[in-house]
Structure formats: structure tokens, C-alpha cells
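Novice: One structure coming up, written as C-alpha cells, with questions to follow.
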Amino acid sequence: MDGWPDSRFIDLVGITTPIIQAPMLGAGAQMMIGVAKAGGLGSLACATLSLESIRAEVQSFREACEQPLNLNFFCHQPPEHDEACAQQWKMLFKPYYTELEVDFDAPTPVSSRAPFDEATCLLVEELRPEVVSFHFGLPPPELLARVKGCGAKILSSATTVEEAQWLERNGCDAIIAMGYEAGGHRAMFLSSELTTQLGTFVLVPQIADAVSVPVIAAGGIADARAIAAAFALGASAVQIGTAYLFCPQAKLAKPHYRALREASSSDTALTNLFTGRPARGIVNRVMRELGPLNAQAPAFPLAGGVLLPLKDKSEPTGSGDFINLWAGQGFALSPGRRAELSSYELTQR
């Protein structure tokens, strides 16, 4: 397509606009369809969905349009349960159980995030998406080879130059450079050190210089200025997440919807309270009172189980105290939020 300074990514995946809608909670078939019909790449976050739900979302997409589709999966290693660690973790939340009159002694629910495995690989071979993207590295080589064998282009996210080089060596067709600003889970997989993480506009040019495949900028990309900056720094495309949550197609819990519109631009933080891995979201009560990062958190994704009964009791009342409110640092720049604020200001005149 004429007009883009680097067309490698759009040529690779067969789209006309170099924008990926980030795979995230709140984005279902209707959002993917809207993005795809506008020329971008719609994405489905599959890690929290059953195989039947994935199949249904893909069917809805295929019935509505013929554009390419991206299915996204996690690649973590399921942890072993540590009962002593789990009980120590749960004790931190006992005051909240008491306050909300939730049974503390009831079995703790399981917080599930399924990694890419044989069953999901079979589903990919059945559904044949044009793009398959991964978080936290890549699946085992034998599974990755099967995904490639069904014709999918492979993407994965890197938070460092070293991760990007590893991904290229191991078969990625394009790499998402995920800056510190990004919402949701950090994609880091070769290191767990948060203090050395780079911002998007420092990370993108370094990864672009270090690999030969197309680079997608992610983190803090919310308007045309950021897209232009990403291309100037060597990106072939951008991945936009939180800005899409202001679209009417977004499926959000009411507290999340409200927080995105009412929080200030400095109100996000990285937290491991909800899953055990660092993820960026809008600060809420539990993050303020326990601290956003806690060394006692069980391994991903087990940490979130203790919060589920608190979420179930409080969310119906409109409270966002115990739910993850994922958002990137650039959420206040989102055109959707700005338009809503402008409309509200006009009605107050």
C-alpha cells in the first residue's frame, strides 16, 4: 500500500493498515470484525477461553468478513502447587474476606490461564488463522512447527533486545517490541527483572537495529502522533490495546469501564496481585493497600484464585476494588476518551 514508509508487515500478513488490535480481555468478535474491516489485524486473546469459545468467536468473525485474523496464546510453564505458599498468600486477604462476609475457609478457586498445548495446537490446525501470536516466548518447537505448517505467520512479544533476537532465531516472522508503558501482562520471558525494562520509544529502534524481521511497536500507542513516532523509529506496524477499550464493541465490567474514563493519566502501575506475573492496570484499592508488587504472590497464574470470591461479591455492587483494571500508560490519550470528555464538557456549558 502506498503511503506507509515500511510495508513489510502489511505485506507479510495481508492487511492494508499497519495496526494490530491487541489481544486482550474485552475484545471479542465484534471488535475484531470492526478492526479487520477498517484494514487492521483483529486479535483474539485465547488464554482464558475454552476451546469451544475460541471456535465460536472465530466462526462469528469468519461469517462477517474475509480478512486475516490473529489468535493469541500464552506460553508459560504451569507451576506446581505449593500449599504453604498458597495459605500464606491467602492470609493477606483475610481482612477483606471478613469485611465482605465471604467464607475464608472455603476452597480457593483456581485462577486459570491455559498455556499453548496439544489441544490448542489441534484447534489452530482446524481453524487455520492467518496469524498466531504468543506471549511469554514461544511454544515447544514441535508445536510451533505444526502451527507454521498450517500456514500461519508467527508473532511474539519481546521486552528486551535479547528476547527479540531469541524470537527471531526460533522462528518468528515479526516481533512485537513491548515497552514498559504497555497495559496487561509484561511479555518478559528471559528475565524477570522489572527495574531495567525499557520504554517503547527506546526499545523499538534498538530491536529494529538488532533483527531482520518486521518490528511492531506496542505500549503507549494511542493516537496518530505515536504511530508516526513508531514508524520514524523503525517499526513496520503498531499494536494498540487500551485505546480500543473505548469502542462500543468493547466488553468490559462496569468498574473497568468507569475507571478508564475517570482515572488520571498517572494512575497505572505494574502489579502481580491478580495473577502472579507483572501486568499494568489502573490502581485500585487492593493495589494501594497491599502494594502493587508483592513478593509473596504465588507463581503465575495461581495468585489470582484468592481474589475471585472477593471479585464475585464486590463487582455486582459496582466496585472495582478487587478486579484487574488493565490499561496502558497512554489510556488518557485515547481518541475515544478525549471525544467523550469533549462531549461531556459541551453538555455542561
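The values are calculated or read from the model by the stated rules, or taken from the named source; none is laboratory data. From a predicted model like this one, the values you see are computed outputs, not experimental measurements. Methodologically, a virtual Cβ is constructed for each residue, glycine included, from the backbone with ideal geometry; neighbour enumeration extends over all protein chains shown. Please note that ligands, DNA and RNA were not included when accessible areas were found on the heavy atoms of the full protein model with its side chains. Shrake-Rupley method; radii C 1.70, N 1.55, O 1.52, S 1.80 Å.
Novice: Per residue of the stretch 213-226, what does 6.51 cos²θ - 1.76 cosθ + 1.60 with θ = phi - 60° give for ³J(HN,Hα)? Whole Hz please, x for Gly and Pro, Karplus curve as stated.
Specialist: Ordered by residue, 3J(HN,Hα) equals 8, x, 10, 10, 7, 9, x, x, 8, 9, 8, 5, 4, 5 Hz.
Novice: Given Cα pairs under 8 Å that are at least 6 residues apart, what percent is the relative contact order of the chain?
Specialist: In percent, rounded to a whole number, it is 18.
Novice: Simple spin-label model, 7 Å along Cα-to-Cβ: Ser53 to Asn294 in nm?
Specialist: 2.5
Novice: Sticking with this structure for a sec: Residues of the chain: accessible area per residue at 1.4 Å, in Å²?
Specialist: 43
Novice: Where in the stretch 45-146 are there GluC sites (Glu not before Pro) that are in a DSSP coil and have at most 15 other Cβ atoms within 10 angstrom of their Cβ?
Specialist: Here the GluC sites (Glu not before Pro) that fit, given the DSSP loop and packing criteria, are Glu66, Glu80, Glu101.
Novice: Straight-line reach from Lys251: which lysines have Cα under 25 Å away, leaving out those fewer than 8 places along the same chain?
Specialist: Lys37, Lys311, Lys313
Novice: Excluding Ile33 itself, what net charge comes from residues whose Cβ is under 13 Å from its Cβ, given Lys and Arg +1 and Asp and Glu -1?
Specialist: -1
Novice: Using a 1.4 Å probe over the heavy atoms of the protein chains, calculate the carbon and sulfur portion of the accessible area of the chain as a whole percent.
Specialist: 53
Novice: If you don't mind, another one. Mind checking the angle between helix 335-347 and the chain's longest principal axis? C-alpha axes, 0 to 90 degrees, to the nearest 10.
Specialist: In the chain, helix 335-347 runs at an angle near 60 degrees to the longest axis.
Novice: Also, quick follow-up: Once the whole set of protein chains is in place, how much accessible area is left on Ile10, using a 1.4 Å probe, in Å² to the nearest 10?
Specialist: Near enough 10 Å² of accessible area.
Novice: Follow-up question, since we're still on this one. Points 7 angstrom from Cα along the Cβ direction at Glu340 and Glu142: gap in nanometres?
Specialist: So the two model labels end up 4.8 nm from each other.
Novice: Below 17 Å, Cα to Cα, which aspartates and glutamates can Lys94 reach? Residues fewer than 8 away in the same chain don't count.
Specialist: Glu83, Asp103, Asp105, Glu289, Asp312, Asp321
Novice: Helix 118-127 sits at what angle to the longest principal axis of the chain, using alpha carbons and giving 0 to 90 degrees rounded to 10?
Specialist: Its long axis makes an angle of about 50 degrees.
Novice: For the stretch 107-182, rounded, prolate or oblate, judged on the Cα gyration tensor with a ≥ b ≥ c (square roots of eigenvalues), a/c < 1.5 rounded, else prolate if a/b > b/c?
Specialist: In terms of gyration-tensor shape, oblate.
Novice: Could you compute the net charge surrounding Leu198? Neighbours are other residues with a C-beta less than 15 Å from the C-beta of Leu198; K and R count +1, D and E count -1.
Specialist: -3
Novice: Taking the Cβ-Cβ separation of Trp4 and Thr196 as r and a Förster radius of 35 Å, what is the calculated FRET efficiency to the nearest 0.05?
Specialist: 0.60
Novice: For the stretch 43-160, what does the relative contact order come out to in percent, with C-alpha contacts under 8 Å and a separation of six or more?
Specialist: Contact order relative to length: 33 percent.
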